Amino acid sequence: MAAAALTFAHQILLSKPSFFLHSAKTRNSLTTFVSVSAPFRRRHKSTQTVASSLLELGGVQISKQDVVKDEPTNNVPDLIFTKIGLQLHRRDNHPLGILKNAIYEYFDTNYNNQFQKFDDLCPIVSTKENFDEVLVPADHVSRSYNDTYYIDAETVLRCHTSAHQATLLRKGYTNFLVTGDVYRRDSIDSTHYPVFHQMEGVRVFSPSDWNDSGNDGTLYAANDLKACLEGLARHLFGAVEMRWVDSYFPFTNPSFELEIYFQEKWLEVLGCGVMEQEILKRGGKTDNVAWAFGLGLERLAMVLFDIPDIRLFWSTDKRFTSQFTKGQLGIKFKPFSKYPPCYKDMSFWINDSFTENNLCEIVRGVAGDLAEEVQLIDNFTNKKGMTSHCYRITYRSMERSLTDEEINELQWNVRDQVQSQMNVELR
Ligand code: DAH
């Protein structure tokens, strides 16, 4: 996507939709990634034990060795470990914390403090919690090593807050909100970052709730859900135009997306639906009906606060952090300066196991937040059937000017690692 030529609103609108949106797709990545990823582990991972890398999350102690392991079933890079525990959504002066609190306020006021709030649940979950218990099919793309960070074959960094639905239902909660950091291997551009934040909402009804309504439980829940989320959108955005779009998620039926009309475009703000009966049944709730929703906090915060690049949420630069104040939703971010971007192109013959996510992981591993975008700009197959890709990497700091030397060094490092780890032939 030619992001540089697009406005900020376009970039958000054209960004990829949630991967749970689509019905099950098969992908070869589970088998291929393991072989491709083997060199990743050896090159990137340091096995030092440092006391400061011990974290405590929701009462669980986590050390780096628990997350980053030199084993074929692990694809978590060092960089991702450094993000665990930062919990941006728990900072009251941070745009994500301000947004979370504004949503809490809506629920507290309109539902008489009935919703239990969780924002400190450990992001390390089982594949059972992340996928099986929310009915994600065995061959769904989200389960691949190309898309999800695996700690081992049965443990992942949650890729959505829906991972907590079943456990909380089993524990007896019937109205709850779960906010947390979620992790996905992904492309690099202004709206994608491998760690971002979601909020999940669940509300369970009993027959006595819908019996007098004249509707069945499903319709009753769907109507209640829509009213709730329309109210939430108005609470956050004011008097906006909205529309409901039918959708697909493995965990809900029927499923919907809410879109709001913003800067002359329809913007998808959340996914939701009536919870699949099977999830409730397994949670011991056979006579109940429930609704659920999941929303991406960055996506909303970028619009509400005019934040043009998702990397800024991680900035510790005072010129960013000092612009936001507890309780003040929608203060418009004033860019403190725009440093020049630097573009570097690289071309190579790909092989069968090449994926863009693997390339992006290398770029992030080398350049961290200096990588602004990785974009496929040319793609052709020659007579021998070999396919060439040309990628343009945009380097830019949010905080300072970069020197030519430093960018060249990053690029050489990227080239070197792409060649040795992805087994592609540079051109
Ligand atoms: N888990 C979905 C995602 O990450 C979002 C979502 C959609 C959550 C629908 C829900 C739901 O609870 O009902 O893309």
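Quick notes on this one:
- Overall shape: oblate for the range 242-319, with the ratio a/c of the largest to smallest alpha carbon gyration tensor axis at 1.5 or above and b/c at least equal to a/b.
- Computed from Cα atoms, the angle from the helix 356-367 axis to the main principal axis of the chain rounds to 70 degrees.
- A simple rule links phi to the HN-Hα coupling: the Karplus curve 6.51 cos²θ - 1.76 cosθ + 1.60 with θ = phi - 60°, which for the range 235-246 gives 4, 8, 10, x, 7, 9, 7, 9, 8, 9, 10, 5 Hz, with x for Gly and Pro.
- The range 219-253 and the range 314-342: distance between their alpha carbon centers, rounded to Å: 30
- Cα-Cα over 23 Å, subset of Lys83/Lys318; Lys69/Lys100; Lys117/Lys326; Lys64/Lys344; Lys100/Lys128: Lys69/Lys100; Lys64/Lys344; Lys100/Lys128
- Cα long-axis angle, helix 95-110 against the chain (0 to 90 degrees, to the nearest 10): 10
- If you run the Gaussian network model on the chain, springs between alpha carbon atoms under 10 Å, then out of Phe81, Phe336, Phe118 the most flexible one is Phe336.
- Backbone amide hydrogens, once placed in the peptide plane, bring Ser63 within less than 5 Å of Leu55, excluding anything fewer than 5 places away on its chain.
- Among Ser322, Ser144, Ser126, the largest mean-square fluctuation in a Gaussian network model of the chain (Cα springs under 10 Å) belongs to Ser322.
- Against the chain, whose longest principal axis comes from its Cα atoms, helix 29-44 is set at around 60 degrees.
- Under 5 Å from the amide H of Phe262 lie the amide H atoms of Leu267, each residue being 5 or more positions distant or on a separate chain, with H modelled from the backbone and absent for Pro and chain starts.
- Accessible-area composition of the chain, carbon plus sulfur, in percent [1.4 Å probe]: 47
- Selected from Val240, Val178, Val195 as most flexible by GNM, with the chain as the system and alpha-carbon contacts under 10 Å: Val240
- Net +/- balance of residues flanking Ala163 in space, Cβ distance below 9 Å, scoring K and R +1, D and E -1: -2
- ³J(HN,Hα), Karplus 6.51/-1.76/1.60, whole Hz, each residue of the range 145-161, x for Gly, Pro: 5, 6, 10, 10, 8, 9, 8, 8, 4, 10, 9, 10, 7, 3, 9, 6, 6
- The chain - mean residue ellipticity at 222 nm from DSSP helices (-39,500 (n - 2.57) per run, n ≥ 4, rounded to 500): -9000 deg cm²/dmol
The values are calculated or read from the model by the stated rules, or taken from the named source; none is laboratory data. Nothing here was measured: the structure is a model prediction, and the numbers come from that model. Quick reminder, even Gly has a Cβ in these numbers, built from the backbone with ideal geometry, and neighbours come from all protein chains shown. Ligands, DNA and RNA are excluded from the accessible area calculation, which covers all protein heavy atoms including side chains. Shrake-Rupley method; radii C 1.70, N 1.55, O 1.52, S 1.80 Å.
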